[in-house]
1. Say we look at the stretch 30-56 and pick out the residues that are surrounded by fewer than 17 Cβ atoms within 10 Å (Cβ to Cβ) and touching a residue at least 60 places away in the same chain (Cβ under 8 Å); which of these is farthest from residue 115 (Cα to Cα)?
2. I need a count of the residues in the stretch 57-73 that are without any contact (Cβ under 8 Å) to a residue 12 or more places away in the chain and part of a loop (DSSP other than H, G, I, E, B).
3. Quick one: would you say residue 81 is touching a Leu at 6+ places or on another chain (Cβ under 9 Å) and modelled with pLDDT under 85?
4. Taking the conditions exactly as written (small (Gly, Ala, Ser) and outside any strand (DSSP E or B)), does residue 112 satisfy them or not?
5. Could you tell me which numbered condition residue 121 fails, if it satisfies all but one of (1) more than 20 Å from residue 18 (Cα to Cα); (2) outside any loop (DSSP other than H, G, I, E, B)?
6. If residue 128 meets every condition in (1) modelled with pLDDT of 75 or more; (2) within 22 Å of residue 88 (Cβ to Cβ); (3) surrounded by fewer than 15 Cβ atoms within 10 Å (Cβ to Cβ) apart from one, which number is that one?
7. Please enumerate the residues belonging to the stretch 43-69 that are of a type in the set (Ser, Thr, Tyr) and more than 20 Å from residue 32 (Cβ to Cβ).
8. Select, from 94, 123, 142, the only residue that is of a type in the set (Ser, Thr, Tyr), modelled with pLDDT under 95 and buried (at least 18 other Cβ atoms within 10 Å of the Cβ).
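The values are calculated or read from the model by the stated rules, or taken from the named source; none is laboratory data. Model, not experiment: these values are computed from the prediction. A quick note on method: Cβ atoms are made from the backbone with ideal geometry, for glycine too, and the neighbour counts reach across all protein chains shown.
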Amino acid sequence: MGTQTPDDTWLSGGTSTVKNSGMLTSPVIDLGILQNPVLQFAYWFEIEGMAPLTNDLMDVYISVNGGFFTFLGSLNPIVGGGQGAAVPHTSGGTDSPAYWDWRSYDLNEYAGKTIQLSFVFDTVNADRNGFRGWFIDDIEITEDAVRNLSAKELNPAVNRTPGLR
């Protein structure tokens, strides 16, 4: 966290004082042979705690058959916020250690088509950008079965028993 200083630079790991964003776009993916395609990926995030629903956006978009990208879903929490500038909101909760978790999206309506996926992170503004952001890993499209992995299975060091830390 720390205190912002004028010499902090963008993407330096410091407390960036500029707006920034990033995008990861997949190659074209043919869903032609899949009956019930499901997008699955692991994620970890640490974003600002002041307004986690409207700042530091973590969105997934889809393009079908070469068309425009449309919104598929968001990983931003629907609860939280109102915390001080140095308080993070993470995949583990407000002001809690982050942990790897798993997200899935049903792609059944796109079966038989070609798609592209885009994962977009946007800080929205130049305020409170000293957090680590959004990490994704193990992106895959499977047929029918959604992985049933807990955070503890993804990271055995995490204790997900309610009330215990």
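1. Narrowing the stretch 30-56 to residues surrounded by fewer than 17 Cβ atoms within 10 Å (Cβ to Cβ): 30, 32-33, 35-36, 53-54.
Next cut, touching a residue at least 60 places away in the same chain (Cβ under 8 Å) only: 30, 32, 35-36, 54.
On the way: 30: 7, 32: 10, 35: 15, 36: 14, 54: 27 Å.
Going through the qualifying residues, I end up with 54.
2. Applying the first criterion (without any contact (Cβ under 8 Å) to a residue 12 or more places away in the chain) to the stretch 57-73 yields 67-68, 70.
Checking the rest, the ones that are also part of a loop (DSSP other than H, G, I, E, B) come to 67-68.
Total satisfying the criteria: 2.
3. Numbers: touching a Leu at 6+ places or on another chain (Cβ under 9 Å): yes; modelled with pLDDT under 85: yes.
Yes; evaluated as a whole, the condition is true for this residue.
4. Numbers: small (Gly, Ala, Ser): yes; outside any strand (DSSP E or B): yes.
Taking the combined requirement at face value, the residue satisfies it.
5. All conditions are met except number (1).
6. Exception for residue 128: condition (3).
7. Our first condition is that a residue be of a type in the set (Ser, Thr, Tyr); within the stretch 43-69, this holds for 43, 54, 61, 63.
Answer for the stretch 43-69, where residues must be of a type in the set (Ser, Thr, Tyr) and more than 20 Å from residue 32 (Cβ to Cβ): 43, 54, 61.
8. Values: 94 fails: buried (at least 18 other Cβ atoms within 10 Å of the Cβ); 142 fails: buried (at least 18 other Cβ atoms within 10 Å of the Cβ).
Just one listed residue meets the conditions, 123.
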